[in-house]
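Notes to accompany the following structure.
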Amino acid sequence: MIEFINVEKTYGNQVKALQEINLTIEQGEFVAIIGLSGAGKSTLLRCINRMHDITGGQLIVDDVEVSSLKGREIREFRKRIGMIFQSFNLVTRTTVLKNVLVSLVPELPFWRRLTGIFSKEDKIKALSALDQVGILDKAYIRVSQLSGGQQQRVALARTLAQNPDIILADEPIASLDPVTSKQVMDDFKRINEEMNISVIINIHHVEVALEYADRIIGIRDGKVVFDGKSEEVTDEILDNIYKGQMEKKTMIEDKEE
Ligand SMILES: Nc1ncnc2c1ncn2[C@@H]1O[C@H](COP(=O)(O)OP(=O)(O)OP(=O)(O)O)[C@@H](O)[C@H]1O
Ligand SMILES: [Mg+2]
């Protein structure tokens, strides 16, 4: 369970990226966070795995206060939380399998991980993660030879091999075509349902968010302006979440006239 209690995040430059965030996300939920560019979506996600420190309130993940973690504890904590980026963050000149294996031994220095010898147990874990996302046949192919969608699946397999409780995905389909996006979203959905892994995803495609997520959290100017079931999202609610843009757009149009 993830609990935000009056969470605030102010960056060094005094930008208030998050304010008064109060949320409870239960284990196994599929949540989409939507909102304008700059609303605070990435910041919110990154506070959960302590990539960013919160500057106020409390953030509790499975009974642990995230701010209280130190050094080694942070690394242990992060193993339970997979993070997926738009840019995949893969090493493209090496094989799919090695990219997945690397996540299993994060303690090793980077060069050892790339050249390193992995245990049979780790290899089985990595291969089964690739199987779960349907790209087992690509295990020995270089990542650079895969399509964008296949690369995103490698990133997902890498996260799955860690056996996480939570997957955070920051715009995982932003650079994919609609068909590939659907495949990747189907993977997330399946993993969420079959493995009871919580999935929290930042996404600009509202239709996709509504189709896949059970719950939508709308963020505007660092605040939660909507939190409810996908079915409850109406055009008025979307207008409110994206209000800033509507107003700005009108202002620009007014000026142009
Ligand atoms: N490292 C940082 N240092 C200072 N300010 C930052 C930093 N990261 C983000 N911000 C600011 O915090 C606010 C929220 O940014 P954030 O990246 O969370 O938005 P977002 O909703 O993810 O946007 P996008 O949809 O464009 O990815 C913005 O005003 C941004 O400029
Ligand atoms: Mg972002």
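Readers should treat all values here as calculations from the given coordinates under stated rules, not as data from a laboratory. Bear in mind that the values here come from a model prediction, so they are computed numbers and not experimental data. FYI the Cβ positions are ideal-geometry reconstructions off the backbone, even for glycines, and counts take in every protein chain you see.
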Next item on the list: Quote the charge dipole size of the stretch 81-163 about the Cα centre in Debye, to the nearest 20; the model charges only the Cβ of Lys and Arg (+1) and of Asp and Glu (-1).
Entry: 220
Notebook entry, point to check: Once the piece of chain linking ASN196 and ASP235 is laid out straight, how much longer is it, given 0.36 nm per residue of separation minus the C-alpha distance between them?
Noted result: 11.0 nm
Checklist line | Cα gyration tensor shape of the stretch 81-163, rounded if a/c is under 1.5, else prolate or oblate by comparing a/b with b/c | finding: rounded
Notebook entry, point to check: Which of the helices in the chain, when you take each full DSSP H run, stretch at least 24 Å along the axis at their Cα atoms and have an average Kyte-Doolittle score of -1.0 or higher?
Noted result: 178-195
Note to self: On alpha carbon coordinates alone, what is the Rg over Rh value for the stretch 19-140, Rh being the Kirkwood radius?
What the structure shows: 1.01
Note to self: Please compute the length gained on full extension between VAL91 and ILE60, using 0.36 nm multiplied by the number of residues separating them and subtracting their Cα-Cα distance.
What the structure shows: 7.9 nm
Notebook entry, point to check: Quick one: if you stick a label point 7 Å off each Cα along the C-beta vector at GLU211 and LYS182, how many nm between them?
Noted result: 0.6
Next item on the list: Could you work out the Kirkwood radius for the chain, taking every pair of different alpha carbons, averaging 1/r and inverting it, reported in Å?
Entry: 19.3
Check: From the Cα gyration tensor of the stretch 1-91, with a ≥ b ≥ c the square roots of its eigenvalues, which class applies: rounded if a/c is under 1.5, or else prolate if a/b is larger than b/c, or else oblate?
Finding: rounded
Check: Using the Karplus equation 6.51 cos²θ - 1.76 cosθ + 1.60 (θ = phi - 60°), what ³J(HN,Hα) coupling, rounded to whole Hz, does each residue of the stretch 9-19 give in order, writing x for Gly and Pro?
Finding: 9, 10, 6, x, 7, 6, 6, 8, 7, 9, 9
Note to self: Give me, ordered by chain and number, the residues 5 or more places off ILE33 or on other chains with an amide H under 5 Å from its own placed amide H.
What the structure shows: ILE201, ASN202, ILE203, ILE217
Notebook entry, point to check: Can you give the calculated 222 nm mean residue ellipticity of the chain, where each DSSP H run of n ≥ 4 adds -39,500 (n - 2.57) and the sum is split over every residue, rounded to the nearest 500 deg cm²/dmol?
Noted result: -12000 deg cm²/dmol
Item checked: Pairwise label distance in nanometres, MET1 with ASP53, each label 7 Å out on the Cα-Cβ vector -> 2.8
